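Participant: The structure is given below, and queries will be raised subsequently.
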């Protein structure tokens, strides 16, 4: 009986240690997207920039057609230490292997910006590889093929909440990259 008890205690300790060390991909993606959102909202330039790959691209449609800017150019618009008057939320995210996508919404007093973010898992960290965004009317909503958003969490200039991962599934090791 003592042997079974010791084995159960050992298994429980191993499980607790393993789960506390390894964060799920869900949480790592949320953390990266929150670094982008909260870093910008709170004037934390390095946190904001750290969410991106160094050569990440950003594109949108402007008055003269497709426009783009570097992460450094966008970060230069952030006033260090100054909080912006806006609220943000992660609308949804999904991933497979080492690729992920996330949709965010940033609401300003008169309009909203919707970001479609593509992320890659590099060296165990999720980073934003590209951002496509659109400024929309404040009353306009995101159209999606999903019946309901996976998660909606608001963050404000005063700080915010991180949503719980949608499932407690164990992270899966991605297949070897075949170069495709």
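Participant: Give the order of 53, 117, 28 when sorted by the count of other beta carbons within 10 angstrom, beginning with the fewest.
Facilitator: Values: 53 15, 117 25, 28 20.
With the sparsest Cβ surroundings first, the list reads 53, 28, 117.
Participant: Another one. Based only on other Cβ atoms within 10 Å, what is the fewest-to-most ordering of 108, 95, 36? Intermediate results must be reported in sequence, preceding the final value.
Facilitator: On the way: 108 13, 95 19, 36 26.
Ordered by Cβ neighbours within 10 Å, fewest first: 108, 95, 36.
Participant: Decide, for region 25-160, between rounded, prolate and oblate: order the square roots of the alpha carbon gyration tensor eigenvalues as a ≥ b ≥ c, take rounded if a/c falls under 1.5, and otherwise choose prolate if a/b is larger than b/c, else oblate.
Facilitator: Details: a/c = 1.20, a/b = 1.07, b/c = 1.12.
The shape class here is rounded.
Participant: Can you compute the modelled spin-label distance between residue 76 and residue 63, with each label point 7 Å from Cα toward Cβ, in nm?
Facilitator: In this crude label model, residue 76 to residue 63 measures out at 2.0 nm.
Participant: How do 83, 138, 89 line up, fewest other C-beta atoms within 10 Å first?
Facilitator: 138, 83, 89
Values in this text are rule-based calculations from the coordinates and carry no lab data. What you see is a predicted model, and the numbers here were worked out from it, not measured in a lab. Don't worry about glycine lacking a Cβ; one is built from the backbone with ideal geometry, like all the others, and counts go over all protein chains shown.
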